Structures are given as structure tokens and as C-alpha cells.
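The values are calculated or read from the model by the stated rules, or taken from the named source; none is laboratory data. Computed from a prediction, not measured in an experiment: that's the story for all the values here. Cβ placement follows ideal geometry from the backbone for every residue including glycine, while neighbour counts extend to all protein chains displayed.
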Amino acid sequence: MSLNTPLFAELPAAEPIYQEHCSVCHGKNRLGITGPALLPENLRRLRKKKAFATIAEGRAATQMLPFSDKLNSEQIQELVDYIFTPLAETPVWGEKEILASHVTYPVESQSGKPVFEADPLNLFLVVESGDHHVTVLDGDKFEPIHRFASRFALHGGPKYNSTGRFVYFTSRDGWISKFDMYQLKMTAEIRVGINARNSAISSDDRFLIVGNYMPNTLVILDASDLSLVKIIPAVDSKGESSRISAVYDARPRKSFIAALKDSPEVWEISYADPPPAGFGTWVHDYRKESGEATTEQFPIRRIKLDAVLDDFFFDQEYVHILSASRKGEGQVVDLDLGRKVADLAIPGMPHLSSGITWKRGEQTLLATPNLKESAVTIVDMKSWKPIKKIPTLGSGFFMRSHENSPYAWVDVFFGKDKDAMHVIDKQSLEIVKTLRPAPGKTSAHVEFTRDGRYALVSIWEMDGALVIYDAKTLEEVKRIPMKKPVGKYNVYNKITRSAGTSH
Ligand code: DHE
């Protein structure tokens, strides 16, 4: 089935309205692009009444705009009915489709030497969603050294392997791309789903795992050439199929942690060889060629909870996950004990995947922005209690710091102060400065250089920029034009898993 072929024999009344207003984000056939797939299977947790309100009023913390100024109530209702109508054909994206999409590109040189002079550990990748490109930036000179086209709508942080030589990108519509940072060349690509969530690389650099919204699967790839290793259907202990909220690598545990979006379950998927005890039944198989016994790869340990996890965050030891759900049910889960150990009382919608931690005397603190409340919440990671709420000029999306910096930065992503960027003192927990790098324009997403001396801020506009600040004096040092630079990722900070950045 071609993704561009209409799937209805007879077009419903809402079809032209959908194509005009919705298809650019949700796909011509509702299979999702930057916006989620709009199919009854994907909308199980959304009531029709809520869907009407979402179309009319937009959705906080997403790119979903309000349409009540463009469409009347009747048209909105037609759209609601349309998106709750199943497609004539269920879209399939299984082994056959994944294998058929796999491409490897010839690599001219395997040389272990970069083709440029810059420090390979102080490079930044800047994802420019304005025109779907990625810039490789020298983090010492702050000069772009390469720019290349990416798949449409990359989302989430690119994942570097342990040396920082290779990086993996995930697009909203399920494409995974592997890029060689030394040769500045794409080496392989594969489409693992119709709507992917995010990906993680194993700490031994052998496997990449991708969590999907559609179909309901986790897909494991060989990290060397992106060939397909295993498809794991996301089916909960009651036999119900679920989307995947997110999947991350828990490096000291040699496992991936995945959360189910439609079921209160977290999975620990081991890539240790052999897997440790407690991972369900080990299935012994025999390799056809050698007759040698093998243990089933990637066994799953299920942790059953009371509430669904939409978003989560690890402590630096990878023993606890701190989670939030869209309904505001926060919880702390102990991965060793395999159960919830505390409630996490953070109101609103904490954006935990961009939370950060730091030391303050004996305390380790977690700070998280909030997508619904105008505040940063600070949590003590021993008692799991919020110790301070720092009021901000609006709700924020991303938070960042660095071990060598006394400050934590948070954006004001929503509202009239979307051009503001707060700088918080990590010891006094007070805002010490509010920067406005480009008045009137959204400023967001900070990342530090490997030594923490400079902080790079994005101006999220088509004619946007990276604004580089001295992280101590908070003075601007340079401005580089970019096309809506949504995120930037420093190689060293990522591969050393700095507590000040996302993992
Ligand atoms: Fe993201 C990371 C979820 C909307 C830009 N976002 C992530 C991650 C998750 C997530 C789970 C961590 C993935 C990883 O790095 O492995 N994002 C969600 C949502 O649930 C939400 C609210 C709704 C949705 O549509 O999925 C959402 N995100 C957005 C946007 O609208 C943003 C602002 C624009 C866009 O490009 O889609 C956006 N998300 C980002 C960025 C990161 C991200 C730039 C990487 C942050 C980082 O520094 O690591």
C-alpha cells in the first residue's frame, strides 16, 4: 500500500477539510507525520468530546493549533467523526515493510580520523526543523563545518554511540538514520514504523531500539548497519496491545527501559548476554547452522503499576525512574524492587524527559520544567518531595545545566514571554537573570559546550539563530543564523551522560 494513496472508496464530507487543515501535520492518510496518526486505534484514550475541544482550542504543549477561528462547529464535528472512523485498510508496518525500506550507503573510507580539524568530542549537532536539515557545529570556534538534509520531522535527541563517532536520528514517521560523524556521511537508513516515538542505543553499541506509536511495537536493530534484529509486539500482561510512550537505555543495567502508553506497565528489556535472573522464561533455541544452544535475546521483565507513564526520567544511578502522566499522576519506581516506591507530587505536566539533576550540599536535586504551570519544580531525590517551586514567566519545555556551571537555564516556551530565558542559581534556587536573546521571538532549548564555558540558545523561528552566551558572565559572544534550530546536542556531554543534559 502506498502511503499517499487515499484509502476510502467513497470520500466522506470531512475529507477536503482534513486535507486542507490537518494533512500537513497528520499525513494525507492520517498515518501521522509531525502530528500523531489520527486513527481510532491511536485515539483510544481520547473521547470524542475531548477531540472536538482539541481541534477547536488546540493542545497545550504541542504544535496543535486552535482551529475555531477557521472552522465552524459543524465542520469540527465532521472532522471528529472522520478521525474516529477506521481506515478501510489497516496500515501494516511489519517485517516485510521494514526489511524493504532498509538502505545502506557505500562508505568510501573507514578511516578512524575525522575529515575535519575540530575536536570531535566538542561538536554539536543542531537539528534545524525549519527546512529539515542538520548542522554539524564546531563547538570551539562556533562555526558550522557541515550541513545535510534529514528525514522529515526529526524528534527527540539524536543518540550517539559510546565514542561519539556514530549518531542515530529518529523521525516522527519512523525513519532511523545512522550518520558517521568522522566521514560526515549517512551510512544506513530504515523505516521501522508509521509513527515512531524515540530510540535508544545499548551501552555496548550493539543495538538500537525504537519505540513506536504505530504499529504498537518495539523494534531492535543491529547498530552497525541498522539491519532488523527483532520486532517485539507491545502487548501488556492482559493481552492488550499498547503504544510505547518512550524507551531509554539504562547503561549500568545493560537493559532498555520502555513504558507502555495505554497500559500501566514498564518493561525492562535485557541486552546482557546471558540475561540476568528474573527476566521471565529463558527460551533455549538452536542455531540452525551450528546446532549451538542460544538463549532468547532481549527477554522482558514486566513491572506492573497503577498509573500509566507518559514521560520519565532516571536518577544518575539508573535505579529509580521518576514518571509523570498527562493526568498528573507522578510516581517513583524502583527498578531493582520492581515496584512503585513513592508518589511524585508535581502538579501540572512536568516535562521530565528534559529534567536535570545537581548537587546542593548533601542533597541531589531534580529540576523539571512544566508544560502546564508557570514554574520550575525542584525535588529532593532522597525524600522525593518537592522542596521549591520557582515561579517563571510562563510554562517551559527544556531545562539545562552543566557540572561546571553554577546556573540552570530554562525557557519560557508558551505565552507572551516566549522570548524569555531564565537563568537560575543552582544553590540559592532563585532566578538571577532573565535574558531575551531576540525580543518577540521564541527562545528555547539550551546546550553547553563540553567544558561548560558557553551556553547555546535557539531562536525557534524560520529566520532563527543560535545565540552563544558566556555561561559565567551571561554576555552574548556570537550569533549564528539557523532555520528553526529545535535542538542541539553536544557529543561529549551526551556520551558522558552529564547530569545537566538529557540522556
Ligand atoms: Fe518532544 C524530546 C515527547 C512535543 C521537541 N519529546 C522528547 C522526548 C520525548 C518527547 C519522550 C525524549 C525522546 C528522546 O530524546 O529520546 N514531545 C513529546 C511529547 O509527548 C510531546 C509533548 C507531544 C508529541 O507530539 O509527541 C512532544 N517535542 C514536542 C514538540 O512539539 C517539540 C517542541 C517540537 C518538535 O520538534 O516536535 C518537541 N522533543 C523535542 C526536542 C526533544 C524532544 C527538541 C529533544 C530534547 C533533548 O534535548 O534531548
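Of all residues being of a type outside the set (Gly, Ala, Ser) and surrounded by fewer than 18 Cβ atoms within 10 Å (Cβ to Cβ) in the stretch 152-164, which is nearest to His102 (Cα to Cα)? Just the residue, please. Don't jump to the end; show me each part of the working.
Start the filter on the stretch 152-164 by keeping residues that are of a type outside the set (Gly, Ala, Ser), which leaves 152, 154-155, 158-161, 163.
Then keep just the ones that are surrounded by fewer than 18 Cβ atoms within 10 Å (Cβ to Cβ); that gives 152, 155, 163.
Numbers: Phe152: 17, His155: 20, Thr163: 25 Å.
Per the criteria, the residue is Phe152.
Tell me, yes or no, whether the stretch 70-78 has at least one residue that is within 17 Å of Pro12 (Cα to Cα), assigned to a helix (DSSP H, G or I) and in contact (Cβ under 8 Å) with a residue 60 or more places away in the chain.
Yes, the stretch 70-78 contains at least one residue that is within 17 Å of Pro12 (Cα to Cα), assigned to a helix (DSSP H, G or I) and in contact (Cβ under 8 Å) with a residue 60 or more places away in the chain.
With respect to Tyr213, is the statement that it is assigned to a strand (DSSP E or B) and either more than 14 Å from the ligand (Cβ to nearest atom) or in contact with a Pro (Cβ under 8 Å, 6 or more places away or on another chain) (or both) true? If you could, list the steps in order and put the result at the bottom.
On the way: assigned to a strand (DSSP E or B): yes; either more than 14 Å from the ligand (Cβ to nearest atom) or in contact with a Pro (Cβ under 8 Å, 6 or more places away or on another chain) (or both): yes.
Against the criterion (assigned to a strand (DSSP E or B) and either more than 14 Å from the ligand (Cβ to nearest atom) or in contact with a Pro (Cβ under 8 Å, 6 or more places away or on another chain) (or both)), Tyr213 qualifies.
Consider Val229 against the criteria (1) within 16 Å of the ligand (Cβ to nearest atom); (2) at pLDDT below 95; (3) surrounded by fewer than 24 Cβ atoms within 10 Å (Cβ to Cβ): it satisfies all of them except one. Which criterion is unmet?
With respect to (1) within 16 Å of the ligand (Cβ to nearest atom); (2) at pLDDT below 95; (3) surrounded by fewer than 24 Cβ atoms within 10 Å (Cβ to Cβ), Val229 is out only on (1).
Just for the stretch 368-398: of the residues that are farther than 10 Å from His351 by Cβ and of a type in the set (Gly, Ala, Ser), which one is surrounded by the most Cβ atoms within 10 Å (Cβ to Cβ)?
The selected residue is Ala375.
Show me the strands (runs of 3 or more DSSP E) entirely contained within the stretch 439-494 in which 2 or more residues are within 16 Å of the ligand (Cβ to nearest atom). I'd like the intermediate steps shown before the answer.
Numbers: elements: 443-448, 454-459, 464-470, 476-482, 485-490.
Qualifying strands (runs of 3 or more DSSP E): 443-448, 454-459, 464-470, 485-490.
If Leu337 satisfies all but one of (1) in contact (Cβ under 8 Å) with a residue 40 or more places away in the chain; (2) among the hydrophobic types (A, V, I, L, M, F, W, C); (3) out of contact with any Gly (no Cβ under 6 Å at 6 or more places or on another chain); (4) closer than 30 Å to Ser255 by Cα, what's the number of the condition it fails?
Result: Leu337 passes all but (1).
Which of the residues that make up the stretch 190-205 are at pLDDT 95 or above and part of a loop (DSSP other than H, G, I, E, B)? First the steps, then the outcome.
In the first step, residues of the stretch 190-205 are kept if they are at pLDDT 95 or above; the result is 190, 192, 198-205.
Within the stretch 190-205, Val192, Ser202, Ser203, Asp204, Asp205 qualify.
Could you count how many residues in the stretch 113-128 are of a type outside the set (D, E, K, R) and surrounded by 21 or more Cβ atoms within 10 Å (Cβ to Cβ)?
Applying the first criterion (of a type outside the set (D, E, K, R)) to the stretch 113-128 yields 114-116, 118, 120-127.
Keeping just the survivors that are surrounded by 21 or more Cβ atoms within 10 Å (Cβ to Cβ) gives 123-127.
Going through the stretch 113-128 one residue at a time, the tally reaches 5.
Contact list please: Cβ distance under 8 Å, first residue in the stretch 162-178 and in contact (Cβ under 8 Å) with a residue 60 or more places away in the chain, second residue among the polar types (S, T, N, Q) and within 14 Å of the ligand (Cβ to nearest atom), pairs at least six apart or on different chains.
The qualifying pairs are Arg172/Thr34; Arg172/Asn195; Asp173/Asn195; Gly174/Asn195; Gly174/Asn212.
How about the stretch 134-165: which of its residues are within 16 Å of the ligand (Cβ to nearest atom), at pLDDT 95 or above and not in a loop (DSSP other than H, G, I, E, B)?
If the condition is that a residue be within 16 Å of the ligand (Cβ to nearest atom), at pLDDT 95 or above and not in a loop (DSSP other than H, G, I, E, B), then Val134, Thr135, Leu137, Lys159, Tyr160 are the ones that fit.
Considering each residue of the stretch 462-480, count those that are crowded, with 16+ Cβ neighbours inside 10 Å and either in contact with a Gly (Cβ under 8 Å, 6 or more places away or on another chain) or in contact (Cβ under 8 Å) with a residue 40 or more places away in the chain (or both), and give that number.
Going through the stretch 462-480 one residue at a time, the tally reaches 5.
Scan the stretch 39-64 residue by residue and report those that are at pLDDT 90 or above and part of a loop (DSSP other than H, G, I, E, B).
Answer for the stretch 39-64, where residues must be at pLDDT 90 or above and part of a loop (DSSP other than H, G, I, E, B): just Gly58.
With (1) in contact with a His (Cβ under 6 Å, 6 or more places away or on another chain); (2) away from the ligand (no atom under 16 Å from the Cβ) as the list, and Val379 as the residue in question, which single condition is left unmet?
Of (1) in contact with a His (Cβ under 6 Å, 6 or more places away or on another chain); (2) away from the ligand (no atom under 16 Å from the Cβ), only one is false for Val379: (1).
Table: residues versus (1) more than 16 Å from the ligand (Cβ to nearest atom); (2) under 23 Å from Ser129 (Cα atoms); (3) of a type in the set (Gly, Ala, Ser).
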site: Ala14; (1), (2), (3): yes, no, yes
site: Ser23; (1), (2), (3): yes, yes, yes
site: Arg30; (1), (2), (3): no, yes, no
site: Gly35; (1), (2), (3): no, yes, yes
site: Leu39; (1), (2), (3): no, no, no
site: Leu43; (1), (2), (3): no, no, no
site: Lys48; (1), (2), (3): yes, no, no
site: Ala51; (1), (2), (3): no, no, yes
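Restricting attention to the stretch 349-367, does a residue exist that is buried (at least 23 other Cβ atoms within 10 Å of the Cβ), in the same structural domain as Pro481 (by TED's automatic domain parsing), among the polar types (S, T, N, Q) and out of contact with any Phe, Trp or Tyr (no Cβ under 6 Å at 6 or more places or on another chain)?
no
Being modelled with pLDDT of 90 or more and hydroxyl-bearing (Ser, Thr, Tyr) is the requirement here; does Ser73 meet it? Give the derivation first.
On the way: modelled with pLDDT of 90 or more: yes; hydroxyl-bearing (Ser, Thr, Tyr): yes.
The answer is yes for Ser73.
Against the definition (more than 16 Å from the ligand (Cβ to nearest atom), closer than 26 Å to Glu461 by Cα and of a type in the set (Ser, Thr, Tyr)), how does Thr364 come out, yes or no?
Details: more than 16 Å from the ligand (Cβ to nearest atom): yes; closer than 26 Å to Glu461 by Cα: no; of a type in the set (Ser, Thr, Tyr): yes.
Judged against the criteria, Thr364 is not a match.
Just name the residue that is farthest from the ligand (Cβ to nearest atom) out of those in the stretch 407-426 that are more than 25 Å from the chain's Cα centre (by Cα) and within 14 Å of Ala367 (Cα to Cα).
Asp425
With the condition kept exactly as written, say whether any residue in the stretch 95-105 is in a loop (DSSP other than H, G, I, E, B), in contact (Cβ under 8 Å) with a residue 40 or more places away in the chain and of a type in the set (Val, Ile, Thr). If you could, list the steps in order and put the result at the bottom.
Looking only at the stretch 95-105, we keep the residues that are in a loop (DSSP other than H, G, I, E, B), and these are 102, 105.
Subset that is in contact (Cβ under 8 Å) with a residue 40 or more places away in the chain: 102, 105.
Okay, now just the ones that are also of a type in the set (Val, Ile, Thr), so none.
No, because not a single residue in the stretch 95-105 is in a loop (DSSP other than H, G, I, E, B), in contact (Cβ under 8 Å) with a residue 40 or more places away in the chain and of a type in the set (Val, Ile, Thr).
Read through the list (1) in contact (Cβ under 8 Å) with a residue 12 or more places away in the chain; (2) touching a Lys or Arg at 6+ places or on another chain (Cβ under 9 Å); (3) of a type in the set (A, V, I, L, M), then give the number of the only condition that Val92 fails.
Condition not satisfied by Val92: (2).
If I filter the stretch 441-449 for residues that are within 22 Å of Ser353 (Cβ to Cβ) and modelled with pLDDT under 95, do I get at least one hit?
no
Among (1) more than 15 Å from the ligand (Cβ to nearest atom); (2) within 30 Å of Arg302 (Cβ to Cβ), where does Gly348 come up short?
Only one criterion is unmet by Gly348, namely (1).
Can you say whether Pro36 is loosely packed, with under 14 Cβ neighbours inside 10 Å and either part of a loop (DSSP other than H, G, I, E, B) or touching a residue at least 40 places away in the same chain (Cβ under 8 Å) (or both), as far as the supplied structure shows? Before you say what the answer is, go through the steps one by one.
Working: loosely packed, with under 14 Cβ neighbours inside 10 Å: no; either part of a loop (DSSP other than H, G, I, E, B) or touching a residue at least 40 places away in the same chain (Cβ under 8 Å) (or both): yes.
When the stated conditions are applied, Pro36 does not pass them.
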